[in-house]
Each structure stands twice: as C-alpha cells, then as structure tokens.
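Undergrad: Before I ask anything, here is the structure I am working with.
We did not get these values from a lab; they are worked out from the coordinates using the rules stated. Just so it is clear, the model here is predicted, and its values are computed rather than measured. Don't worry about glycine lacking a Cβ; one is built from the backbone with ideal geometry, like all the others, and counts go over all protein chains shown.
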Amino acid sequence: MNRLFILMIFILSVQFVRANSIAKTSRHHKHSKKRVSFLSKANPETAILRLGSINANPDEFKLRLDSIAKDIPLDYNLYVQGYINLYLRHRTEMAQVLGLTKYYFPIYEKAFHEVGIPDEIKYLSIVESKLNPLAVSRVGATGPWQFMFKTAKNYGLSIDKYVDQRRDPIQASYAAAAYLKDAYEEFGDWLLAIASYNCGKKNVEKAIEKSGGSTDFWKIRNYLPMETRGYVPAFIAINYVFNYYNIHNIIPKDCNCSIKTDTVLVDKYLTLKDISKKLNLDFAILASLNPQLKRKVVNGSVSNPGRLILPEELGEQFKTQFGNVEVHNQDSLLVANVLLSKKTPTKVENLPRYHKVKKGETLIDIADNYGLDVQDLKLLNKIKGFKLPVGKKIKLYGTIPKVEKKHFRKKRGYLAYNTFKIDELLVMFNFSSKLNNEKEKYFIGIHKGNLII
C-alpha cells in the first residue's frame, strides 16, 4: 500500500511539473512571430489534474456546459475538466485573450454565419493561436487559424513575398469556415470535423476504420494522434472558460485594436510607415490591423488592388491624402477569393448509375471525382467506413433513405491512463473507493474493475 501511495505522489508531481513548464513557455509568445506554445498543446494526459484544485463539483461544470451547448455537443468528462483546470490557472493570460475577442470574434461570427457553420467554433482559434495572427507553429502552420501552406492554397488564400493571407483574420476565417464545413459534410459530426482541423481528415478516417466504423469522437479518441486526443477537450474547455470567466474572477483586459474599421482598396505601392505618418496613426496599431502584410507595404495595382485595414475614422482621411481609392466598411466587404466549397455538384443526368471501385480508391475519392456528398454516398450504399473493396459497385444516385434527425446525447467520459485500475485512480481524483455515489459513477463513465489503457 505504501508503494502505491508513493507511486501516486510521484505521478501527480510529474503532472504538475509538466503543466507548470507548459504555462511558463506560453508566456513568451504574446503577439510575436514565434512558435505557438499554448496550453492546448499540452499532452492531454498531463492535463488531467486533481479535481479538488478547482472549487466546484463536477455536476456544476456539466450543468454549465449543457446550458451553453447549441449545435456542437459540449461533453463533460475528466479530459475536459483537466483542461478547464489548466486554463483557470492562467487567469492573466485568459484575461488578455478575452480582451482580444472584442475585435476578432465579430469577424469570425460574420464569416461563420455566411458560410453556415456553428458560431461556437470561433473558440477554436483560441486553442489554435490565442488569437495571435503572427503565430507560427513548429511545423509552419501560420496565423490565427494556423493554416499549413498547402491547405491555405487549397482554400483560396494568397501567399507571396508581400502578403500572407493566413495572417489575415478576415480571409483566414472564411477559409477555416470552408474547411470545417467540408469536414462536417464528410463526417457528419462537428467534434470529428474539429478533430480533423488539427490532425487532418485522413487521420480521422483511419481512426474511424480502426474503431470499427464509429463516428463518436470519444470512441475513436485513442486511435487519433496524441495531440488531437486533447484538442477537442481543449476546445470544449475554452467554451466553458470564455462563457463563465466572470464566475472564476477573470476580468477581460482592454483591447488595443480599433473595434470599428474600414477596408481600403489601394491601387499603388505604399509603405505602412508613410501611411502612419500622413494619418498621424501609431505605426504599431496600423501594423497590428494589417498582419497579412509581410513587408509592411501595400503592393497594390489597378488590376489587383491591395487591402488595407484602418480605424473607421481614418478611411476618408486616407482617401484625401492618397488619392482615388475605394473605402469599404469592413462589414460590407465581400471576400470573394475564398473557396466556400471545393466540390462542384454534378447533374444527375450526367452521372453513370454505378461506379466500380478501383485499386486504392476510397469513398472520398469517388465523391470528389463526381462532385457528390460523401454522406449521401454512405447512406445510399449503406456503408459505414471509407475504405472499399476493389471491384465493388457503388451506387451514385437514387433515393437516399431518410434518417431521423440526430439529437446530440451527452456522452459519458472515459478516462485513459496507463495500466492503473479504477480503485487506484479513485484515490488520485478524490472519489470514494466504493463508487457508491451515482454522480461519481456518471462522472467517471466506467465500471469498477475495468482496466484503463
């Protein structure tokens, strides 16, 4: 028994040391062009901390999450609790990000409304970058939505020596919305779409196959890359913290960005330094409003005007100083060059009735080739996964069986931990050893004696 107690103390010490080191690292990345090292990047297993460290019981957290859940299920379990604990330990950092939401969230909400995805996905950008448009990950993902180069190009973002639209909160938001909408159309589940934003659609497809065709995130979680296992719980935790920050004594910091802005289309070459001088505008503020300008210049032309964001009150002054330019209110600017969908629907009369599966083809490949929806093909052919046997005939059109509207059921949490038994884990998380309390049984979501892997 003494050995078990010593082992538990050692494990908890390692968890706290790792969590503290992650927090210290994250403090060095405030709005700078450096690698992303946010709390969400923590190993998901080290984020599971003692529940007694936050003064609230599990039922309260679950009830609060249930009350804010809309289109996306905000499940509550130990993983989510671990990330809530982790974020609430860094109130100063959370207060700074809360201040930035006043500028960034209206941009996100507009893009998401136009593309047609749930509003609460805006919190994903906090998990990705802390709303830092200059954030760059260790693998080169860039901007507030952390796009890789190839994915950014696929979704219509421009990247050249003057401009990187991955850093542009407006353009990148439309691209992120388009990606997530495509992912949801493929998987039919928002948590899986969010998971794919972190690890890619292929990894989610593989996890679904390994799980036996399940499309429940918590059931395929252990088949996903390690970082992605904590990515969705981190997203749910951020939803909680940013809706209930006042309960936890987090006071939003003031946002230095101009909340109301104008977008100016510039048909000439101008430096931000010259613009800031003539408009008597602080250079740092101008640069922060235009993070997409890599060389701090607008390289516009008549055929391809450059976009410049200014505080709303300076739009007309800019026009007076720099000649004939177009000034738009940011809310009315049409973002036309972002692809809202990669698929082009094909008319039924132009389709063959069946497609014979070739070697290496997946259901996704077939859907893309014919401009069809993956979920429609799955329903039409009663297919659960994505891999197909060579030679199988896939029906391309017909009457799709009606499926009852899915009501999101709150799932029980599953605790993953290295080869410990339930009785040992109960000690770590301050639960009674006999598990005779119903709410404890519900919270754990597993039965006594089960082996945790």
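Undergrad: For the pairs Lys202/Lys378; Lys202/Lys393; Lys153/Lys296; Lys62/Lys201; Lys356/Lys384; Lys62/Lys382, note any where the Cα-Cα span goes beyond 25 Å.
TA: Pairs exceeding 25 Å: Lys62/Lys201; Lys62/Lys382.
Undergrad: Quick one: check the C-alpha center-to-center distance for the stretch 357-397 versus the stretch 112-141, whole angstrom.
TA: The stretch 357-397 and the stretch 112-141 have Cα centres spaced 31 Å from each other.
Undergrad: Under a point spin-label approximation (7 Å from Cα along Cα-to-Cβ), what is the Asn154-Asp282 distance to one decimal in nm?
TA: Simple spin-label model gives 4.0 nm for this pair.
Undergrad: Rounded to the nearest 0.05, what FRET efficiency do Lys210 and Glu313 give with R0 = 60 Å and r taken as the Cβ-Cβ distance? Could you check? Display every interim value, and only then the final one.
TA: Values: r = 56 Å, r/R0 = 0.94.
Rounded to the nearest 0.05, the efficiency is 0.60.
Undergrad: How long is the gain from Leu265 to Asn222 if the chain were fully straight, where each residue apart is worth 0.36 nm and the alpha carbon distance is subtracted?
TA: Computed gain between Leu265 and Asn222 is 10.6 nm.
Undergrad: Now for a separate question. Go through Lys130/Lys253; Lys110/Lys260; Lys161/Lys268 and tell me which ones have a Cα-Cα distance over 19 Å in this structure. All intermediate terms of the calculation are to be shown ahead of the outcome.
TA: Details: Lys130/Lys253 14 Å; Lys110/Lys260 14 Å; Lys161/Lys268 16 Å.
Listed pairs above 19 Å: none.
Undergrad: Separation between the Ile68 and Arg89 pseudo-spin-labels, each 7 Å from Cα along Cα→Cβ, expressed in nm?
TA: For the pair Ile68/Arg89, the computed spacing is 2.1 nm.
Undergrad: Then there is this: Would you calculate the separation in nanometres between label points at Lys393 and Asp365, each defined as 7 Å from the Cα along the Cα-to-beta-carbon direction?
TA: The two pseudo-label positions are separated by 2.1 nm.
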